[in-house]
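**Student:** Take this structure first; my questions come after.
Read-outs throughout are calculated quantities, based only on the coordinates presented, and are distinct from any laboratory measurement. Predicted model, so just to flag it, every value in this text is computed and none were measured. FYI the Cβ positions are ideal-geometry reconstructions off the backbone, even for glycines, and counts take in every protein chain you see.
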Amino acid sequence: MAMAENGNEGGPAEGAIPQSLGVITQYVKDLSFENPGSPQTVRARASAPTINIGVNVQSKTLEEGELEVELKIEARATEGDTVIFAIELVYGGLFRLTNIPPESVTAIAMIECPRLLFPFARQIISDASRNGGFPPLLIDPIDFVQLYRQRVAQMSANQPPAEEQN
């Protein structure tokens, strides 16, 4: 095995601070459950309602090395034009980034942080629908890498073309 320049076998230099992502805390920032047609909407029905799920991720730097990441999930069940139930959740997390290169922070904030938050947010959505009188809404796993790529592509498409240099 080849030795790294620092004398270790591919490891960090002795005394170097390793890269890490730590969860400081997680919290419900906003939660709303609406059951506008109750009690009629909680009765048994012949067919399942149409369920639409929306996901958004926002992040902001609070202090040096600390990020707040918000995972927003909206779930709406409808039958025709009738809203059966609507759930909106903003689930936040405060993260500490140690020795992370600046060019990696956005990807970590938009992929790794929401990946850590999602199981807890999923459980809150499930409990809210069950407590509202419906079967638990179990959201399928989310591909945050794909969401990040879509956001980058959308931002690139919205950029005006660079002016040509003469």
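**Student:** Please work out which residue is farthest from LYS29 (Cα to Cα), limiting yourself to segment 122-161 and to residues that are aromatic (Phe, Trp, Tyr) and under 17 Å from the mean Cα position of the chain (by Cα).
**Tutor:** TYR148
**Student:** Condition first: of a type outside the set (Val, Ile, Thr) and touching a residue at least 24 places away in the same chain (Cβ under 8 Å). Now tell me which residues in segment 123-151 satisfy that.
**Tutor:** Result: ALA128, SER129, ASN131, GLY132, GLY133, PHE134, LEU137, PHE144, LEU147, TYR148, ARG151.
**Student:** Scan segment 96-121 and report the pairs whose first residue is under 15 Å from GLN26 (Cβ atoms) and whose second residue is among the small types (Gly, Ala, Ser) and not in a strand (DSSP E or B), with Cβ atoms within less than 9 Å and a gap of 6+ or a chain change.
**Tutor:** Note: pairs meeting the criteria are ARG96/GLY65; PRO114/ALA121.
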